[in-house]
Amino acid sequence: MPAALYPAHLDTLLARTAEALARGGFDHLVVPSGTLHYQAFDDRDYPYAVNPQFKAWLPVTKAPGSWLVATPGQRPKLVFLQPHDYWHVVPEAPGGYWAGHFDIVVVRDAADAARHLPADPSRCAILGEAQSALGDYVPNNPPAVIAYLEYHRAFKTPYEVAMMREASRIGVRAHRAAEHAFRAGASEFGIHLAYCQAAGQDANDLPYGNIVCLNEHAAVLHYTDRDRVPPKAARSFLIDAGASFGGYACDITRTYSADRGDEFQAMIDAVDAAQLKMCDAVRDGADYRHIHLDAHLALAVILRDAGILRIAADDAVARGVSSAFFPHGIGHGIGLQVHDVAGFAASDAGGTIAKPEGHPYLRLTRTLAPGMAVTIEPGIYFIDMLLDELKAKGLGDTVDWDRVAAFKPYGGIRIEDDVVCTDGAPINLTREAFSAT
């Protein structure tokens, strides 16, 4: 499926590049794939991560030292480093559905790539990190070029949606395995290994570090310690974990109670139902900030119904009480990067759209349009620091602390799906993948 969609995707990138270069006053787009570099005071490389600007063009994620050149009116060129090396696995020669669309030059030494780049570096918009420099070809990252390309990268081509769909299928398969490991009594580390095994991906392949939480650990939003020993009693399980496919990511979170019939599972079910309604709000013309604020109200209703809040839901939102239980944003853009770029961009020329007052952790403030892909991830947590702040602000009487004490041993709840905005109903890639397994 991605193969049939790739030519149109490439045409879109070429058109965007022509406009971006015109705005920046350049003739060529030059993109290094990135390089390996040593850890400080050591002879070990940092884990390699491909330049997102490079993998936007082709599904090649493990070819350090390579370069891409795009010049309006010409076929794009790939300068591919395939070194002579017996210490490491050498990247396979370029091939696949995408290769026929490029002029490909294979070099054996990283320095040789310079001979195949445009003659005048000053006429090039070079997008990359500083250590990718090669002689006079030094990344200059022109703001006008980057602003245009990153703004439009929010609008996924059908090819990109297909790639994200494949990533979601891998991620859901691994999430199924993780739940099974939890039900079987595995430790956090054991669940993590079961996830990686089912995904066929390890730490260097996954789009981000797995968050695997049992019990109270779910109250730490980015918990990555992963205890090696199972707790004496596993009450709850939260897993936030993704998968990669051809350079694209999925980002999925699920929460489970050990007892499928207890109050905590009932709260999970309530959050899940509310989350589905939020996903349905991913529509053309919707202000993502409003989805975030509406999520606060929906979660406050759940907290009120559970007997945790002593005040009305709208009052809890207005007074900031809901933020003690839902302290992060409703989500973010997703695609080539888990937290995709240009979430605050006012236009393709730059500028920013402000976050709602009192909501500093929202990662996307744009108005949604067809092709945009976002996560929707509401949560309810029982975090001592934030609950103590409520009391310090004189808001302690808004909460039933006995009910909080009953839920604190479970840590928290988060449900997260990846959703694509369309001309009509949104595409929920995550639910689609769960339904297929």
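The values are calculated or read from the model by the stated rules, or taken from the named source; none is laboratory data. Not measured: the values here are computed from a predicted model. Note that we place each Cβ from the backbone using ideal geometry, even for glycine, and neighbour counts take in every protein chain shown. Please note that ligands, DNA and RNA were not included when accessible areas were found on the heavy atoms of the full protein model with its side chains. Shrake-Rupley method; radii C 1.70, N 1.55, O 1.52, S 1.80 Å.
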Review point. What whole number of Å gives the distance from the Cα centroid of segment 1-65 to the Cα centroid of segment 364-381?
Key: 25
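With a 1.4 Å probe and all protein chains left in place, how much accessible area per residue does segment 3-143 have, in Å²? Show your work: numbers first, answer last.
On the way: 7210 Å² over 141 residues.
Value returned for segment 3-143: 51 Å² of accessible area per residue.
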Review point. Helix 2-24: angle to the longest alpha-carbon principal axis of the chain, degrees 0 to 90, nearest 10?
Key: 80
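Let me know the charge dipole size of segment 292-388 about its Cα centre in debye, to the nearest 20, where only the beta-carbon of Lys, Arg (+1) and Asp, Glu (-1) is charged. Display every interim value, and only then the final one.
On the way: 6 positive and 10 negative charges, 14 e Å.
Here the size comes out at about 60 debye.
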**Study point:** Backbone N within segment 123-142 under 14 Å of label point (7 Å from ASP27 Cα along the Cβ vector)
**Key:** 123-125
Check your understanding: Please identify the trypsin sites (Lys or Arg not before Pro) of segment 53-86 that satisfy two criteria: DSSP loop assignment and at most 14 other Cβ atoms within 10 Å. Which are they?
Key -> LYS62
Practice item. Provide the solvent-accessible area of ARG23, counting protein heavy atoms only and rolling a 1.4 Å probe, rounded to the nearest 10 Å². Key: 100
Check your understanding: Hey, how many Å between the Cα centroid of segment 118-183 and the Cα centroid of segment 419-436?
Key -> 22
Review point. Placing +1 at every Lys and Arg Cβ and -1 at every Asp and Glu Cβ, with all other atoms neutral, what dipole size does the chain have around its Cα centre, in debye to the nearest 20?
Key: 320
Point to revise | Extended-chain gain in nm, criterion 0.36 nm per residue less alpha-carbon gap, ARG310 and ASP269 | key: 12.6 nm
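Can you give the calculated 222 nm mean residue ellipticity of the chain, where each DSSP H run of n ≥ 4 adds -39,500 (n - 2.57) and the sum is split over every residue, rounded to the nearest 500 deg cm²/dmol? Could you put the intermediate results ahead of the total?
Values: 12 runs with 146 residues, N = 437.
Calculated from helices alone, the mean residue ellipticity at 222 nm is -10500 deg cm²/dmol.
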Check your understanding: Which FRET efficiency, nearest 0.05, do ARG75 and ALA130 yield, Cβ-Cβ r, R0 35 Å?
Key -> 0.75
Check your understanding: Let a ≥ b ≥ c be the square roots of the eigenvalues of the Cα gyration tensor of segment 1-119; is it rounded (a/c under 1.5), or, if not, prolate (a/b larger than b/c) or oblate?
Key -> prolate
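A 32 angstrom limit on the alpha carbon distance is what I want to check against. Which of LYS156/LYS408; LYS156/LYS277; LYS62/LYS277; LYS355/LYS393; LYS156/LYS393 exceed it? Intermediate values should be presented prior to the final figure.
On the way: LYS156/LYS408 40 Å; LYS156/LYS277 23 Å; LYS62/LYS277 39 Å; LYS355/LYS393 23 Å; LYS156/LYS393 44 Å.
The pairs that break the limit, which is 32 Å between Cα atoms, are LYS156/LYS408; LYS62/LYS277; LYS156/LYS393.
Using unit Cβ charges (K, R positive; D, E negative) and no other charged atoms, how large, in debye to the nearest 20, is the dipole of segment 127-178 about its Cα centre? Walk me through the numbers before you get to the answer.
Details: 6 positive and 5 negative charges, 108 e Å.
With Lys and Arg at +1 and Asp and Glu at -1, about 520 debye.
What do you get for Rg/Rh of segment 258-371 when both radii come from the Cα atoms and Rh is the Kirkwood radius? Can you show the working numbers first?
Details: Rg = 15.7 Å, Rh = 15.4 Å.
Taking Rg over the Kirkwood Rh, I get 1.02.
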Review point. Tell me, what % of the accessible area of segment 1-68 is carbon and sulfur with a 1.4 angstrom probe?
Key: 58
Review point. Once both axes come from the Cα atoms, what is the angle between helix 188-199 and the longest principal axis of the chain, in degrees from 0 to 90, rounded to 10?
Key: 40
Revision key, fill the gap. Helix 158-183: inclination vs the chain longest Cα principal axis, degrees, rounded to 10, gives 40
Revision key, fill the gap. Rounded to the nearest 0.05, FRET efficiency between ASP225 and ASP202 (Cβ-Cβ, R0 25 Å) equals 0.90
**Study point:** Cα gyration tensor category, rounded, prolate or oblate, for segment 177-300 with a/c compared to 1.5
**Key:** oblate
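From the protein chains alone at 1.4 Å, what is the descending order of accessible area for ARG165, ARG176, largest first? Numbers along the way, then the final one.
Details: ARG165 60, ARG176 100 Å².
I get ARG176, ARG165, largest accessible area first.
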